Amino acid sequence: MAGIRLPPEESELSQQQHLQQGRATGDLVSDDERSVAADSWSIKSEYGSTLDDDQRHADAAEALSSAANFRASSDYNSDKEEPDPEGITSMLGLQSYWDAAYADELANFREHGHAGEVWFGVDVMDVVASWTKSLCLEISQDHMQNHTDDLSKPVDESDKYLSSWSILDVGTGNGLLLQELAKQGFSDLTGVDYSEDAINLAQSLAERDGFSNIKFLVDDVLETKLERQFQLVMDKGTLDAIGLHPDGLLKRIMYWDSVSKLVAPGGLLVITSCNNTKDELVQEVLNLHHRRIDVPQESDNCRDQEAAACRESPFRYLNHVRTYPTFMFGGTEGSRVATVAFLRN
């Protein structure tokens, strides 16, 4: 959607200069301010998926600026990312933004013991953790019943089932989702984030809260160095942030290529998003299939049986959370957050 970008009003420039000067003083952003920013960013989804990408980016930027939770563009110097020439609309997609944000949150933790922002809120995190547990138990029990001759014993061994699941949380941030999954009974837990301070914060919180068994690594999901596959990969807001990068379309393609290698065959990918509806995420997976159909029959990497595998969509829709509050807008029913599970083919 194209449009004319008008020059900002003088009062708007003054407000931006005031906010930038405030950040330059080195004051830490409070947890309450971060909550305002996160809530405001997610609220835009209440208007449904009819919003175009430009409007979504603008809403995200407005939410951040209203909470004074952004820095001057001169602070965003990176070899990899350049500030969006259109302004701050894609700051949430830049690693430099998250490096600065988690540097603040780590400092807040060390000074005040604050855990930092729970992206999408605690209620959503609790729903994601409990729903994921139920889904994994259902899959594990079905698998066990299909591979045993003795079905007389009651199926009540959730800890045994859950301990067999290896879990990776991409873009883990402060790692609190992994703590919730540990409380649900999962034990093989790994979190990765490309921000070193996010990992330092997650490790500190896990040690403080008694979850020292959770592993945390600095790793960029788009250029992952992990050589291991996981039975369950969790994403809570990471695909959203990737989509806000100035090269968001390309980055999303890189994302799907990467996670398809991280999820073991028969494993799960669970995505929680406030920028995409369930139907939009399902359609994006279907688009992967259409893109793979174009793989040449005689490709060096895909011959005979391998060619068919390369053209097959790596994921298929399995289930989604149905308990989030819904609303009606423009005759369409929607919710602020979508959590969707995909099965790795």
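Some observations on this one:
- Flag for ASN287 being at pLDDT below 95, under 26 Å from ILE139 (Cβ atoms) and open to solvent by less than 40 Å² (accessible area, probe 1.4 Å): no
- Selected residue [of a type outside the set (S, T, N, Q), farther than 19 Å from ALA129 by Cα and crowded, with 20+ Cβ neighbours inside 10 Å] from ILE214, ILE253, ILE242: ILE242
- Residue pairs meeting the criteria (Cβ under 8 Å; at least 6 apart or on separate chains; first touching a residue at least 40 places away in the same chain (Cβ under 8 Å), in the range 220-231; second small (Gly, Ala, Ser) and assigned to a loop (DSSP other than H, G, I, E, B)): VAL221/GLY171; GLN231/SER164
- Qualifying residue in the range 312-331 (condition: at pLDDT below 90 and under 25 Å from LEU249 (Cβ atoms)): yes
The values are calculated or read from the model by the stated rules, or taken from the named source; none is laboratory data. From a predicted model like this one, the values you see are computed outputs, not experimental measurements. All Cβ positions, even for glycine, are placed from backbone atoms using ideal geometry, and neighbour counts span all protein chains on display. Note: accessible area is taken over every heavy atom of the protein model, side chains too, but ligands, DNA and RNA are not part of it. Shrake-Rupley method; radii C 1.70, N 1.55, O 1.52, S 1.80 Å.
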